[in-house]
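Shown next, in structure tokens, is the structure this report addresses.
The values are calculated or read from the model by the stated rules, or taken from the named source; none is laboratory data. Note that this is a predicted model, so its numbers are computed, not measured. Neighbour counts are summed over all protein chains in view; Cβ atoms, including those assigned to glycine, are modelled from backbone coordinates with ideal geometry. These accessible areas exclude ligands, DNA and RNA; they are computed on the full protein's heavy atoms, side chains included. Shrake-Rupley method; radii C 1.70, N 1.55, O 1.52, S 1.80 Å.
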Amino acid sequence: MHGVPRQLAKPKDEASIAKSSNLRSLQSQLLDNHHNKIYTKEALESSSKLLETNPELYTAWNYRKLAVEHNLGIATDQDSIKSILDEELRVVESALRANFKSYGAWHHRKWILKKKECSSLDREFKLLDKLFKVDSRNFHAWKYRSSESYSYLRYFSRFVAELNNVPEEEELKHTQCMIDMNFSNYSAWHNRSAILSHLVGQKAHGFISKEEVLTDEFELVHNAIFTDTDDQSGWFYHHWLLDQTVAQDAPVLVSSWPIHSSELIVSLSRNFYDPLLSPSTIFCSDAQTFPLILYFSQAVEGVSSCTVSVEFTFCNNDDLIWRPLSSNKSGKSKAWATYLNFPNREHHSLKVYPVEVSVGHSPGIISSSGFNCSFPLDFAFTVGLQSIDQNVAEGAETKMMVWENNHFYTNESLLHDFRPTILSLDRLKITKDYEPTASKWHLETLTSLIDLFRDLSDCKIGKLTLARLLTAHDVMMSYTTNSVYKKVNFDEILGLFSDLMILDPPHSRYYKDQHSLVLMEQVTSNRESLAKHCWYYGDSTSDLQKFVCLRLNELSISRLGFYEHILWVQMLDLSHNELQSVEGLESLQLLSCLNLSHNKLSSFTALEPLKQLKSLKALDLSYNEIGKHSIDTTRYLCSSPLSHSLEDGCNIGDYANEGIEVFDYWETVLFSKGLQLIQLDIVGNKVSDEKFRALLLKLLSSLKWLDGKSVN
Amino acid sequence: MADYPSIDPSSFDLIVIGTGLPESILASASATAGKTVLHLDPNSFYGNHFSSLPLDHFSSFLQSHSHCHSQQPNISPPTSSSNCLHLKHNNLFSHVHISNPHSEYLGPSNKFSLDLSGPKLLFCADPMVNIMLKSGATYHIEFKGVDATYVYRGDGDDKLMTVPDSRSAIFKSSVLTLKEKRQLMSFFKTVQEHILELEAALTSNEEMRRARTISDEELECPFIDFLTTKGLPSNIKSIILYAIAMADYDQETPLLRKDFVIKTKDGIKSLALHNMSLGRFVNASGALIYPIYGQGELSQAFCRCAAVKGALYVLRMPVTALLIDKESNCYKGVRLASGQELFSHHLVMSPSFTVPLSSTISSIRDVQGDSSESSSRSDVEGLVARAVCITRVSIKPDLSNLLIIFPPRSLYPEQMTSVRALQLGSGLAVCPPGLFVLYISTMCDAVAQGKELLHAAMNALAHLLSRKHESSTTMESDCVEEDGPNFLWSAIYVQELRKGSSEIIVSCPTPDGRLDYRDMLDSTIKLFHEMYAEVEFFPETEDAENAENDE
């Protein structure tokens, strides 16, 4: 039982000594009988005595199962079969009296009931009724017992209900009863959500209109929340309902790179700059290749040359390999990428080639909840290849990336430069028959909920729910409105999460993450706010180097999100934040310079997403917490280190031969595999010592600068 | 005279006349304390004004105990060593009106068990319940829960509103808005916190006392003001005051008598009692319970406890006179109708009897400054109007045992007191199956006022019943009963309220106008301690502990 301190072991009195010796002898008897396959009446009796005192003894239950099988085999008439089974039920009942929560006993009962083939299920219901009542009647420990034992009873009654074909509607009523009795019942709410999803999914009678069901359920859970704002059992249900209200069932393509009707120039030189072209449509690539990225509203699987067709002069669609951009190995991802190649020819200069992409015309792109991508979509862009101008290439060698403020500048032309790039979402929308999915009902529901919870905004649940509702409202509005909807609630939502961080310190990390996500969205969701964070990198007087950097530094961000708005980013400054992970960053396939300095990253495992960034050249990891914690706690969050080596086919032994202490630094070794970094800053981390730097130089052969110093 | 048995021994520690509830508790407590007790009752049944009677007995008891039927006591000659004071019957009832329009539906009279002083209920956590557990009276009595409590609202379509008195009731309530639910629940939480603090304060130091949720000044101020400061809307205030704290008088009238104003601390005490009552017993879904076979069972249960502890019981034994010692002018004993004289140190009398103030005793009184003339009348401290009705239809079709509260001003603007109505069904063995008994009562200053209130409440109930009746007859097409009146039988009467007193003899209080027995029990305990200052009232025993654990 929760909250009940463990009793100190009392000195054994004689009675308990006698009891334990008795138990011990019963136990050895049982094992004896078990080994020798003795299933006589006497042997069974001794085992039942044992189980009635200690129902947790699984061996004894198994022994009884064997005995039943054996005795049923030799039983001749119906009566003796019945008496064998009835005896088992009796033993279980008295065992349950000893320990109400013995799984062994419940399982045994299930097993027997299956044998009996539903002959006396009425009796089971009576037993359950009895137990439910036993449970609710003790007025001293009512709360503990009801919530705890409920799940055990549910577990079993669900089984009996299945045997007896009790319709789910009845089950739903039962959860209603339990909730009416005492709504602090997590299991009942949970069970309700499970049954309802099924009923609504099946479109069962009376559950056809999801809207009606949800409206009723909202009313029910509001009663619980408003009656007792401190009781958390209803919160989860409310959260679930809100998800049901807001969530789009079908995955939708929300963003891509390159975007529709853009004119991409792939440059083979880092230093290419044409003042007539917008810097953001240039992609610098060493190889003659560029990525094509699709970003969906939810994680999907099945993106392949069958479901997505790409028409590009130099590529055969069937040869394209689509890769999920995700650090987990589930094969599902919001972001998918393929690489398109120019053939190795020399002069295509100034000639542009069309690329046409169509997504979702044949089924197969499926969300994790099993819905097909339902909005087929086409988009097209052009691409040209800028070959190396020998003069330029020789004139300006690659320079070290410096993240200091004086290397960034801004001017009015920036906003203009960005027009075609950001908000690719709108671009997609224009080209397709994207049906607004937010109905009047959704918006009305959300609006009335928002009004309701404003009254409750003096307590935790009120604030949290209000923040969620306002977020959902913004999302809904953006679905409905065809033109760009400017989300209006950001400041209020941010305020609510800030309040919650103070109000509820134990969960401040969660609120912080939510706050960060909202902040990310606020920054990235429209051109004006995004422009405030975009800077030119380089010397304002020189025309030569003009790269655009998205600077999200010093924002106290702890979690990243809304990558769909920033797929175009090639330089990203995330320094001076509170990042512990960079999950999802792998979507930014164009990223070549990344600043993660002054964050809270604690291991290379946490940086695993970066391994998928094929274009990454400069990485600043300085002043993080790598090596600070002797035990890497994020390792358990990331996929197993073993999976790296298996996947990569990396031969760790090779390194070992070169005198690298692989086993001290396996993380680092695995991380640096596949990265082609030219510049790395690692200073200010615990791990960074001379030995480690030596290791890095060995691992990263392309490295030119380490911690700001040129590598010879 | 030959019918009366002779009683042996002839001397006791305590003689009790009348088996009303306070008398029975005193007899039982005294017997438990080891006193020798003789308990007499002129009636053939237990309970006196607290008893539950068959229909015909009920009517005749009302008639015979009302003002117009004064009995002349037998006069017997004084004996040599004592002066005789003849007991006078004191009729508590007046203005009895019984109407009997449809007796053909009633069935046999003995299928009824009607309370003389209804409606009365017990809270599960009532001190009365605890005393019964301690005394072992619970062995002789069984209870059932009242299914629901409703508040009557003069306006609105649904005139009966479920009282949201618990967390789950608030959750389920369809009448309260979400905001009101929150207000009410957070008020309950404040009260709960205060109660926990009080408990903690018993064991801890001054420091703890200071950090109170509710300040001492607040505790002394009127409860209604406290509710107002908590920002509760008037409908919720009314629910808390009249349907949970069970206030008898309109708390919002500025002219209210001071002793009728409920202080915050008392209001909170009532809420605490209510709260502790919820869920205490398995068979009670709400806070209130009622004894099966009627409240007369309570007196009887205590009498049985007393008998178990050695008290001697003689029913059908009238007492004709008190014996007064000639020398000391002190009470000495009683003379029975049989002529036998019995002696005791103490005497407890039911409020049905008064001692006519003869010269001998009045001389003592005169010393104390009491005027002899006023003493018989001044004891009456108020009136309670009661009604009992029998119906064929339940007010709520699916429930049979329910309490309905008509808060002040709900029936008509001049209504200054709460009217409470309790409907009981055959499940409690108080009437034959298919019938229901309704008890209604209200406090009043004057007979006319009381009767007006009762009639208004009865009309409101009749209206509710006829609506129910219509809908049920339209549904059952084969039911072709003519539209008869809603009450098959009804009795309306007014009862005097008297406090208990202990001067020369102990006189017990009459049934009061409260819903529960708390006040009655308090004054009974007081009377007990006035008799036996040093003796504990039902001391804690091992037995009682076990009894509670068995629940």
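What's the average, rounded to a whole number, of partner chain beta-carbon atoms within 10 Å of each residue's beta-carbon in B:237-244?
Counting Cβ atoms of other protein chains within 10 Å of each residue's Cβ and averaging gives 0.
Between A:R454 and B:E252, take the C-beta separation as r, use R0 = 30 Å, and let me know the FRET efficiency to the nearest 0.05.
The pair A:R454/B:E252 has a calculated efficiency of 0.40.
In peptide B:270-281, how many Cβ atoms from other protein chains are near each Cβ within 10 Å, on average?
1
Note down the nm distance, to one decimal, between modelled labels 7 Å out along Cα→Cβ at A:F314 and at B:S466.
According to this spin-label approximation, the distance is 9.5 nm.
Give me the net charge of B:A387's neighbourhood, meaning all other residues with Cβ under 15 Å from the Cβ of B:A387; Lys, Arg count +1, Asp, Glu -1.
Net charge around B:A387: +2.
Around B:F93, what is the net charge, scoring Lys/Arg as +1 and Asp/Glu as -1 over all other residues with Cβ under 11 Å from its Cβ?
0
Hey, quick one: spin label on A:K110, modelled 7 Å out along Cα-Cβ, who in the stretch A:31-75 has an amide N within reach, i.e. under 20 Å?
A:55-69
If you take the accessible area of A alone plus B alone and subtract the pair, what total do you get in square angstrom, rounded to 100, with a 1.4 Å probe?
About 1600 Å² of accessible surface is lost on pairing.
Give the long-range amide H neighbours of B:N90: residues separated by 5 or more places, or on another chain, with amide H under 5 Å away, using H modelled in the peptide plane at 1.01 Å from N.
B:F353, B:T354
With a point put 7 Å past each Cα toward its Cβ, work out how far A:E444 is from A:I17 in nm, to one decimal.
Placing both labels 7 Å along Cα→Cβ, they lie 7.8 nm apart.
What's the FRET efficiency of A:S304 with A:Y353 using the Cβ-Cβ distance as r and R₀ = 22 Å, to the nearest 0.05?
After rounding to 0.05, the efficiency reads 0.45.
Rounded to the nearest 10 Å², what accessible area does A:F218 have for a 1.4 Å probe in the complete protein model?
10 Å²
Using all alpha carbons of the stretch B:165-280, what is the percent of pairwise distances in each 5 Å bin, ordered from the shortest bin to the longest?
2, 11, 21, 23, 19, 14, 7, 3, 0
Taking the full set of protein chains and a 1.4 angstrom probe, give the accessible area of A:S508 in square angstrom, rounded to the nearest 10.
40 Å²
Largest first, what is the accessible-area ranking of A:E521, B:E199, B:E534, A:E56 with a 1.4 Å probe?
The ranking, largest first, comes out as B:E534, B:E199, A:E56, A:E521.
Would any residue of the stretch B:332-356 have its amide N under 18 Å from a label point 7 Å out along Cα→Cβ of B:S6? List them or say none.
Only B:334-343 fall inside the zone, counting backbone N under 18 Å.
Going by amide H atoms built from the backbone, whose H comes under 5 Å of the H on A:S267, apart from near neighbours?
Under 5 Å from the amide H of A:S267 lie the amide H atoms of A:F283, A:C284, A:S285, A:Q386, each far enough along the sequence or on another chain.
Note every residue of the stretch A:193-226 with a reduction of at least 30 square angstrom in accessible area, all protein chains present versus the isolated chain, computed with a 1.4 Å probe, or write none.
Relative to the lone chain, where solvent access is computed with a 1.4 Å probe, the stretch A:193-226 loses at least 30 Å² at A:N223, A:F226.
Amide H of A:Y353: which non-local residues (sequence gap of 5 or more, or other chain) have their own amide H closer than 5 Å, using H built in the peptide plane?
A:V383, A:G384
So if we plug the beta-carbon distance of A:K686 and A:S498 into 1/(1 + (r/R0)^6) with R0 = 45 Å, what FRET efficiency do we get, rounded to 0.05?
Using R0 = 45 Å, I get an efficiency of 0.90.
By accessible area of protein heavy atoms, probe 1.4 Å, what ranking do A:R90, A:R64 get, highest first?
The ranking, largest first, comes out as A:R90, A:R64.
Relative to the longest principal axis of the C-alpha atoms of chain B, give the angle of the C-alpha long axis of helix B:178-203, reported between 0 and 90° and rounded to the nearest 10°.
On a 0 to 90 degree scale, this one is about 40.
Modelled label-to-label distance, A:Q78 and B:K263, 7 Å Cα→beta-carbon offset: nm?
Computed distance between label sites A:Q78 and B:K263 equals 7.6 nm.
Would you work out what percent of the accessible area of chain B, with all protein chains in place, is carbon or sulfur (probe 1.4 Å)?
Roughly 51 percent, rounded to a whole number.
In peptide B:185-194, what is the residue-averaged number of other protein chain Cβ atoms found within 10 Å of each Cβ?
Mean number of neighbouring Cβ atoms from other chains: 2.
Please give the per residue accessible area of chain B, computed with a probe of 1.4 Å over protein heavy atoms only, in Å².
Solvent-accessible surface per residue comes out at 42 Å².
Using only protein heavy atoms and a 1.4 Å probe, report how much of A:Y103 is accessible, in Å² to the nearest 10.
Around 100 Å² of this residue is reachable by solvent.
How would you order A:199-205, B:178-184, B:415-421 from highest to lowest mean count of nearby Cβ atoms within 10 Å?
B:415-421, B:178-184, A:199-205
Give me the net charge of B:G286's neighbourhood, meaning all other residues with Cβ under 10 Å from the Cβ of B:G286; Lys, Arg count +1, Asp, Glu -1.
Value of the local net charge: -2.
Return the sequence-ordered ³J(HN,Hα) values of the stretch B:29-35 in whole Hz as given by the Karplus equation 6.51 cos²θ - 1.76 cosθ + 1.60 applied to θ = phi - 60°, using x for Gly and Pro.
After applying 6.51 cos²θ - 1.76 cosθ + 1.60, I find 5, 5, 5, 4, 7, x, 7 Hz.
Among the residues of the stretch B:168-182, which ones have their accessible area go down by 30 Å² or more when all the protein chains sit together, as opposed to their chain alone (1.4 Å probe)?
B:S168, B:F171, B:K172, B:L178, B:K181, B:R182
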